[in-house]
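Everything on this sheet refers to the single structure shown next.
The values are calculated or read from the model by the stated rules, or taken from the named source; none is laboratory data. Just so it is clear, the model here is predicted, and its values are computed rather than measured. No Cβ is skipped: glycine too gets one built from the backbone with ideal geometry, and neighbour counts run over all protein chains shown.
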Amino acid sequence: MHQQPKDTGYIIRGLITCIPIIAVLISACNSHTPAGGAQKTSTSTDSIWHAPDDNTIPAGKAGETIRYGRELIMHTARYFGPQGSIAKISNGMNCQNCHLTGGTKLFGNNFGVFMSSYPKISNRTGRVEPPSKRITDCFERSLAGQAPDTAGPEVRAMLAYLTWVGKNTSKGQKTFGAGATKLAFMNNAADPAKGRQVFVAKCKTCHGANGEGLPTADNKAYTYPPLWGKHSYNDGAGMYRLSNFAAFVKNNMPFGTTYKNPQLTDEEAWNVAAFVNSQPRPHRDQQTDWPDLKKKPIDAPFGPYADGFSEKQHKFGPFKPIKAAETALINQKL
């Protein structure tokens, strides 16, 4: 979830040294591997997504807007956090806590195919949405705050940056490394108790024994972000879904991890996700989410559901029986 302090002054080392959030644009992240399927880590060089070089940012006002949008995504708290210079409407985390290196890292919830996928129908709302809605969702869920003015210069700058980052991808294009990925489902449920052991060994040095994170010296942002508590993402964020969190930490945590050289096993990633998401955090009313229950993700942690599985199983697994029942229902209708 975060950018290395050396490059941005804040968060990625926190989450990358341990483990993270966010969510967020998580729902907007595209999985290169079907949920529950084996993670793919090889492809032809030509199909690997790469962020454009900075030297392709245009000169003049257009370039200034793109750079401002990147600054807002990397250092969101400076502008919209509890002591934000523009508005005080978020929890003190940054967008790049979930979208690493300003949304440019392979399998780090990057923005490679984000803009090309919009407008699109959101299963969470049942409506066709513009990309600005995803930004407001992140503010309200991953940043546990209020939506910024979508007509204001800040959101327009963010959209300009997101457009530039994804300028080399087209709608429907399958690009390796863009967005996020998924881990294969385990045969058993994820275990928060085992996950706590992973957290203690890999995460608490940066994020604190109580997941509180490490504030910057001026207390305006976080060097290492909180993983739970009132300043972390709320339970409506994408990172509160175990499959999103587990895949994120598998490919990005601890510090130095890449999809080619993971430091956690799949089981450790699932378990630490279960531990972190068992801890207290802000609640968001989600009664209107997922109006079509048949399109609700199988790891959505709150009911109601279109099947007979419990809320606990939907949150922690095992997910294979749920997926099998879902597949059987689909095949029955064909």
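How about segment 250-277: which of its residues are hydrophobic (A, V, I, L, M, F, W, C) and at pLDDT 95 or above?
Leu264, Ala269, Trp270, Val272, Ala273, Ala274, Phe275, Val276
Mind telling me which of the residues Pro20, Pro52, Pro34 ends up being modelled with pLDDT of 50 or more and outside any helix (DSSP H, G or I)?
Testing whether each residue is modelled with pLDDT of 50 or more and outside any helix (DSSP H, G or I) leaves just Pro52.
Select from segment 282-320 the residues that are under 28 Å from Val128 (Cβ atoms) and charged (D, E, K, R) and list them in ascending order.
Result: Arg284, Asp285, Asp289, Asp292, Lys294, Lys295, Lys296, Asp299, Asp307.
Of everything in segment 214-248 that's at pLDDT below 95 and of a type in the set (Gly, Ala, Ser), which residue is farthest from Leu264 (Cα to Cα)?
Per the criteria, the residue is Ala217.
Can you pull out the residues in segment 241-256 that are part of a helix (DSSP H, G or I) and within 15 Å of Pro225 (Cβ to Cβ)?
Correct list: Phe245, Phe248, Val249, Asn252.
How many residues does segment 302-334 contain that are assigned to a helix (DSSP H, G or I), among the hydrophobic types (A, V, I, L, M, F, W, C) and closer than 23 Å to Asp191 by Cβ? Before the answer, list the steps.
Residues of segment 302-334 that are assigned to a helix (DSSP H, G or I), as a first pass: 311-316, 320-333.
Applying the additional criterion that residues be among the hydrophobic types (A, V, I, L, M, F, W, C) yields 316, 322, 324-325, 328-330.
Next, from what is left, pick out any that are closer than 23 Å to Asp191 by Cβ: 316, 322, 324-325.
So the answer is 4.
Of the numbered conditions (1) among the basic types (Lys, Arg); (2) loosely packed, with under 14 Cβ neighbours inside 10 Å; (3) assigned by TED's automatic domain parsing to the domain that holds Lys202, Arg281 fails exactly one; give the number of that condition.
Condition (2) is where Arg281 drops out.
So Ala201 clears everything in (1) free of Cβ contacts under 8 Å to residues at least 24 places away in the same chain; (2) touching a Gly at 6+ places or on another chain (Cβ under 7 Å) except one condition, right? Which one?
Status for Ala201: all satisfied but (2).
Would you mind telling me which numbered condition in (1) β-branched (Val, Ile, Thr); (2) at pLDDT 95 or above; (3) assigned to a loop (DSSP other than H, G, I, E, B); (4) under 23 Å from Val200 (Cβ atoms) Thr288 fails?
(4)
Go through (1) of a type in the set (Gly, Ala, Ser); (2) in contact (Cβ under 8 Å) with a residue 12 or more places away in the chain; (3) more than 29 Å from Phe176 (Cβ to Cβ) and name the single condition Gly103 misses.
Status for Gly103: all satisfied but (3).
What is the residue count in segment 137-174 for residues that are assigned to a loop (DSSP other than H, G, I, E, B) and crowded, with 21+ Cβ neighbours inside 10 Å?
Pass one, segment 137-174, residues assigned to a loop (DSSP other than H, G, I, E, B): 141-152, 166-174.
Adding the requirement that they be crowded, with 21+ Cβ neighbours inside 10 Å leaves 141-145, 148, 166.
Result for segment 137-174: 7.
Quick test of your reading of the structure: Asp137 fulfils all but one of (1) within 17 Å of the chain's Cα centre (by Cα); (2) on the phi > 0 side of the Ramachandran plot. Name the failing condition by number.
Status for Asp137: all satisfied but (2).
Among the candidates Thr181, Thr150, Thr175, single out the residue that is among the β-branched types (Val, Ile, Thr) and over 30 Å from Gly63 (Cα atoms).
Values: Thr150 fails: over 30 Å from Gly63 (Cα atoms); Thr175 fails: over 30 Å from Gly63 (Cα atoms).
Answer to the selection: Thr181.
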